[in-house]
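The values are calculated or read from the model by the stated rules, or taken from the named source; none is laboratory data. What you see is a predicted model; the values in this text were computed from it and never measured. All Cβ positions, even for glycine, are placed from backbone atoms using ideal geometry, and neighbour counts span all protein chains on display. Surface areas here come from the heavy atoms of the whole protein model, side chains and all, with no ligands, DNA or RNA. Shrake-Rupley method; radii C 1.70, N 1.55, O 1.52, S 1.80 Å.
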Amino acid sequence: MAIMTSAHAGAVSGGSLFSVPRSKFGCPAVPARAIGRPRLVEVLAQPDWRVALVTGGPATGKTVAVAQWFGALGPVAREWVTLDAGDDRPERFWLTFVLALDRAVPGAFTQAAAAAADVHRLPSEFLDRLLTAWSAVEDPLVIVLEDAHHLRSPEINHDLGFVVEHLPAVSRMLLTGRADPPLPASRWQGRGWLAELRQRDLALTLPEATELVAALGEHRLTDGEIEELWRHTEGWVAGLRLAAAGLKDRADVPAAVAEFSGRSPMVADLLADELLHRAPKDLSEFLLRTSVADVLDARLCDALSGRSDSAEVLRRMEGDLQFVMATGPGRDTWRYHPLLAEMLRSEMQTHHPGEWRELNRRAAVIMQEREDIAGAARCLLAAGDADRAFSIVFQAAYRRADLSDTPGIAAFVNLFPRELVTESAYRMLTYALMLGLAGQLPEAHAWLQRAQARIGDETQARAQDIATLDALRLLTFAVSAGAGNEIDAGRRAVEAVEAGLDLGVLGARARMNLVRGYLLVDQPGEADAVLRAGSPGDEIAALVLAPALAARIALRHGRLSEARRQATAALEAARAFGLDTHPGAVDANLALAGALIDRNELAAASATLRTLDEILQANPFTLVYQVLARLEKARVAAALDDWDEVFATVREAGKLIDHVPRSALRCLVDAAAARWHLEAGQARQAEELIATLPDGSPAHTLLQARLDLACGRPDTVRARLGRASPGTMRDRLAGELLLARAAIESDKDPGGHMTAAAGLAAPDHLVRVFLEEGPAVARLARAAAESLGTDAGTALSVALGSPSPSPSRAAPRQPAVTMTDREQSVLRFLPSHLTNAEIARECLMSVNTVKAHLKNIYAKLGVSTRASAVERARLLGLL
């Protein structure tokens, strides 16, 4: 400490049994330029304060800030006193205090100093003499008591409080320390006498930190590196000074910045000396044992420390240490300063490694219960339990996949150190899965290849690793458009799970992914069998995924009512869980769109496909579904006679899977393209695509029959379909319609085939399948459906263009509206959902003529929409 001369102080201290070193007096030398004390200046510039408390944290930062303020006071009488443990005796303290006053105003406190020099007894009238002398000082007087936390004597603090309350109006007293002294601060605060500054009030801002680093002569740091140090130190001046000092002999500045922490020797020594070693033993043990957690609360700290009063301890430390900060809106959670936490953890790891691991395991249990996955994983890794850490992190990541939360998945994946992923093939496979779900497909593929190489190099690979690889291959195939056919791998994975093998997050949905795989290779019967053969998995799988996949199976069979019911149930469950973008919602909307198209409800189908597009944007990894959605859009475009849009959409679907040219998904795209080429009269292009499809598959058989019809080979159609064994009602229906077309082209009676087709389609109201075969088939289908004599048959006939049944004779009639024959011809097709182009073909007129008649019909009926026209026409008996 700097020594300020005072002959009087030397004489008094020399004549006393107490020796007061001159070094106890005087402001420490600090840079004259004020860096980072605007908050202190702002608070101390207020005119009404009588006493100021600047407390908390290590002394260095406070000392510099207060000393800079002290030195800038100008021509004001002032003195600085540095206290220590020896001053915690009334006689010693008051002698030191009065000597400081006499140094500040020489001669003003001579009698009070003489009274304090008698160590055997402090006269009862001492405080009166002191205050009398002080009141005679008319000019401002400032006294700073540094390290006032050493004053624990109740007598000293009581008398000091008395002095503060009787200070002359122009005098000020400022106390610094690690903790607030037991003075009546609340009373002073209520009277407006108290100025309070804590460690956080003295923290530097980023511009101030930049200025400090430059003032310390360190010019090699980038703005980003300064910000990194500022965030790590939270603006603590001493921490920034130590960081800058640590750079002096380092050539690799970025490495030095990255390595700076509470474990750095200079920082650790300072914090340990100022906070840990000076704290009572029970408090230092509390600090060490609770340092395992980033966020502290009463229950967690009770469990770690073995105490039952942790909340009170934390509140007390917040006030005393200031390197303990309350967080949260209720101020019922706390945290340690990053550097303090790092120092404490280093102490525990070095001196109590066994206890450190046990405390981390104990904390992880509580954190996992609270779904603090990041905290639990960090504690488990610190405890050396990497397997458990890996498990909880990637289970949490998979749950985020249910929410289509790609950033959330990536955040969880990043919690686990990559160097630990390579310790096992199982971890590498699971890691690859999560990277894929996070949309990082190239990196996911690279990790999958590494895992496969690891398994291939092992003399005897673990069953878990092999089954996990099978499950991942299945998922890649069923969702992300992987090459090849991974159904066999999927079957093995499901069998492994059923046998009790734990495949983690991949095993939980293996059955659902196998169902998807079977649908992709167009084996709906196998998909249905797998779905029914065992538990779908967790609650979300049971209530969202299972019904959604059941809807897709029902759609493929042609059971439209069941498809709509199952899809609706899945979507309602997804909404109830808050999972509107869940992959199960993709399956459900895909099934619902297909059913609406089959029923020729094209507007509703288009709306559902738009919803599906929105969901797919949140699921970038679901390449299979992006392709399937485009194929359904192509069906809608074909229904609207927009052939440019049909082929553009199919080409777009094909481009999505150019990287897997021969895959099950490519077969679906090629089958759709071949169908539309045939409709457009492009038989050669269709034939090339059909040749690439698996021989004997339903798509190959039916498309080959269509090609036969296009090439004028009706007899070949009958022979080909006669040998086929359709596996679904939908395929039987398509076959009957193709046979009917073959009969028409052979001038034979198609009635039997049309009746069979109508009988298959009517119960589930499949409309589009007839319209897609052309006007001739649609006309025959109307009669065949009507001939069934059932309500379902009549509804199908009306949907295909037949007039609606006459209303009850008792129904009230409105004034007649006269329609021309041509208008009446158009009007009778309005309930059918046929497009204008399809009505034009049925009525043998142009589309523009149909539009003109519609305009006249709407005008005569006094309506503006097709639905209103149908309703009004039925009321008037025109339909």
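Listed values, structure above:
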| quantity | calculated |
| --- | --- |
| Residue in segment 471-481 that is hydrophobic (A, V, I, L, M, F, W, C), outside any helix (DSSP H, G or I) and over 22 Å from residue 387 (Cβ atoms) present | yes |
| Pair list, Cβ < 7 Å and 6+ apart or interchain, from segment 405-422 residues that are without any contact (Cβ under 8 Å) to a residue 24 or more places away in the chain to residues that are open to solvent by 40 Å² or more (accessible area, probe 1.4 Å) | 408/400 |
| Odd one out for residue 400 among (1) touching a helix residue (DSSP H, G or I) at 6+ places or on another chain (Cβ under 6 Å); (2) more than 30 Å from residue 292 (Cβ to Cβ); (3) open to solvent by 10 Å² or more (accessible area, probe 1.4 Å); (4) not hydroxyl-bearing (Ser, Thr, Tyr) | (2) |
| From 635, 630, residue being closer than 21 Å to residue 669 by Cβ, touching an Asp or Glu at 6+ places or on another chain (Cβ under 7 Å) and not β-branched (Val, Ile, Thr) | 630 |
| Top-ranked residue in segment 650-705 [being of a type in the set (Gly, Ala, Ser), over 36 Å from the mean Cα position of the chain (by Cα) and closer than 16 Å to residue 628 by Cβ; ranked as surrounded by the fewest Cβ atoms within 10 Å (Cβ to Cβ)] | 699 |
| Residue satisfying all of: in segment 235-246; open to solvent by less than 40 Å² (accessible area, probe 1.4 Å) and among the hydrophobic types (A, V, I, L, M, F, W, C); farthest from residue 323 (Cα to Cα) among these | 244 |
| Residue that is surrounded by fewer than 16 Cβ atoms within 10 Å (Cβ to Cβ), over 18 Å from residue 112 (Cα atoms) and more than 49 Å from the chain's Cα centre (by Cα), where the choices are 169, 214, 136 | 169 |
| Matching residues, segment 523-537, being closer than 13 Å to residue 547 by Cα and free of Cβ contacts under 8 Å to residues at least 12 places away in the same chain | 532 |
| Any hit, segment 240-259, residues being of a type in the set (Lys, Arg), assigned to a helix (DSSP H, G or I) and within 30 Å of residue 147 (Cα to Cα) | yes |
| Residue in segment 95-103 that is in a helix (DSSP H, G or I), farther than 25 Å from residue 45 by Cα and open to solvent by 10 Å² or more (accessible area, probe 1.4 Å) present | no |
| Which listed residue is among the basic types (Lys, Arg) and at pLDDT 95 or above, from 362, 331 | 362 |
| Residue in segment 339-358 that is in contact (Cβ under 8 Å) with a residue 12 or more places away in the chain and in contact with a Cys (Cβ under 9 Å, 6 or more places away or on another chain) present | no |
| Of all residues in segment 431-457 being of a type in the set (D, E, K, R) and farther than 19 Å from residue 503 by Cα, the one that is surrounded by the fewest Cβ atoms within 10 Å (Cβ to Cβ) | 457 |
| Where residue 643 falls short, out of the listed (1) farther than 20 Å from residue 774 by Cα; (2) surrounded by fewer than 18 Cβ atoms within 10 Å (Cβ to Cβ); (3) touching a residue at least 24 places away in the same chain (Cβ under 8 Å) | (1) |
| Residue match in segment 586-594 (condition: of a type in the set (Gly, Ala, Ser), more than 21 Å from residue 832 (Cα to Cα) and open to solvent by less than 40 Å² (accessible area, probe 1.4 Å)) | yes |
| Enumeration of residues in segment 247-273 that are open to solvent by 30 Å² or more (accessible area, probe 1.4 Å) and either under 21 Å from residue 345 (Cα atoms) or touching a residue at least 40 places away in the same chain (Cβ under 8 Å) (or both) | 258, 259, 263, 265, 266, 269, 270, 273 |
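To keep it simple, each residue is scored yes or no on (1) open to solvent by 20 Å² or more (accessible area, probe 1.4 Å); (2) part of a helix (DSSP H, G or I); (3) modelled with pLDDT of 90 or more.
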site: 500; (1), (2), (3): yes, no, yes
site: 506; (1), (2), (3): no, yes, no
site: 517; (1), (2), (3): no, yes, yes
site: 537; (1), (2), (3): yes, no, no
site: 552; (1), (2), (3): yes, yes, yes
site: 570; (1), (2), (3): no, yes, yes
site: 580; (1), (2), (3): yes, no, yes
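Yes/no matrix, rows are residues, columns are (1) assigned to a helix (DSSP H, G or I); (2) free of Cβ contacts under 8 Å to residues at least 40 places away in the same chain; (3) surrounded by fewer than 17 Cβ atoms within 10 Å (Cβ to Cβ):
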{"position": "819", "(1), (2), (3)": "no, no, no"}
{"position": "837", "(1), (2), (3)": "yes, no, yes"}
{"position": "842", "(1), (2), (3)": "yes, no, no"}
{"position": "852", "(1), (2), (3)": "yes, yes, yes"}
{"position": "855", "(1), (2), (3)": "yes, yes, yes"}
{"position": "860", "(1), (2), (3)": "yes, no, no"}
{"position": "863", "(1), (2), (3)": "no, yes, yes"}
{"position": "873", "(1), (2), (3)": "yes, no, no"}
{"position": "879", "(1), (2), (3)": "no, no, no"}
